Amino acid sequence: MIDIILKAFKDLFNKKILLTSLIPIIIAAIFWGVVFFIFHNSISQFVSYLVSHIPFIGDKSWVKSLVETIGGILIYYELLITTSVVIVGIIADKIVDEINSEYYHIEKKGFGTISESIFISLKQNTIFFILFMIFIPAMFVPVLNILVNLFLWSILLKKPTFYDSISSYTTKDEFNTLKNTNKFTLTVITIISASLFLIPVIGIFVYILQLLMFTHFNLKRLQGLR
């Protein structure tokens with residue numbers, strides 16, 4: 001496990017992987033920056049509405065103003081990461097190919113498609129945002145907000161990352177075998193990477209880091225399976 005984490009952080013700073021990773025982050029940052037600029041008033045009213053329903057805050061002006069600012073930043077951050085997840089699904093094969101080329105040299109027999117990757121990401125994004133809106137009051141409760149974030153990010157990350165990390169190299173049968181084994185380890189990797197979301201700057205690379213961890217873990221298992 002530690003070996004996988006260390007390799008993932010090392011590979012993140014591989015020039016080719018880092019440049020490839022920055023593309024979805026930059027695209028998402030610009031897109032949502034423009035959206036927030038154009039619809040600033042509507043978004044502010046929406047955040048204000050949500051904040052007004054948080055217990056113990058209500059209409060206390062200075063507290064409400066502070067929480068609204070934090071809430072706006074939080075929503076932008078969440079949108080940045082979730083959009084990046086969808087975009088990374090389109091270019092994930094380049095990152096996986098780079099890892100395979102350097103470490104594993106496994107023959108490519110993939111059944112995966114970009115359209116399926118995007119579908120899985122959008123599905124998990126939808127679930128994520130529904131739950132995020134339900135739990136947003138909990139985001140302002142110390143300790144509970146950490147647990148809620150880990151829960152939400154685990155839901156968002158696990159399925160898309162697993163698919164992107166190995167579907168371009170496995171047959172359908174191999175994919176199902178890998179998906180149905182070592183589930184506990186996969187969950188632990190997901191929680192570890194999801195917890196990195198809480199760290200500023202590193203958080204924007206959460207999906208890439210999890211993709212790297214899953215890729216190392218799954219390619220090594222595929223190597224043993226064959």
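The values are calculated or read from the model by the stated rules, or taken from the named source; none is laboratory data. Quantities reported herein were computed from a predicted structural model and do not represent experimental measurements. As a convention, Cβ positions derive from the backbone with ideal geometry for all residues, glycine included, and neighbour counts pool all protein chains shown.
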Could you tell me whether region 57-77 includes any residue that is surrounded by 14 or more Cβ atoms within 10 Å (Cβ to Cβ) and under 20 Å from L178 (Cα atoms)? no
Counted residues in region 189-214 being farther than 19 Å from V148 by Cβ and of a type in the set (A, V, I, L, M) come to 9
Restricting to region 114-134, give me the number of residues that are farther than 30 Å from I43 by Cβ and in contact (Cβ under 8 Å) with a residue 40 or more places away in the chain. 1
Can you spot a residue in region 20-38 that is exposed (fewer than 11 other Cβ atoms within 10 Å of the Cβ) and farther than 24 Å from V201 by Cβ? yes
Are there any pairs, at least 6 apart or on different chains, whose C-beta atoms fall under 9 Å, with the first in region 1-27 and farther than 20 Å from L219 by Cα and outside any helix (DSSP H, G or I) and the second at pLDDT 90 or above and of a type in the set (K, R), and if so, which? none
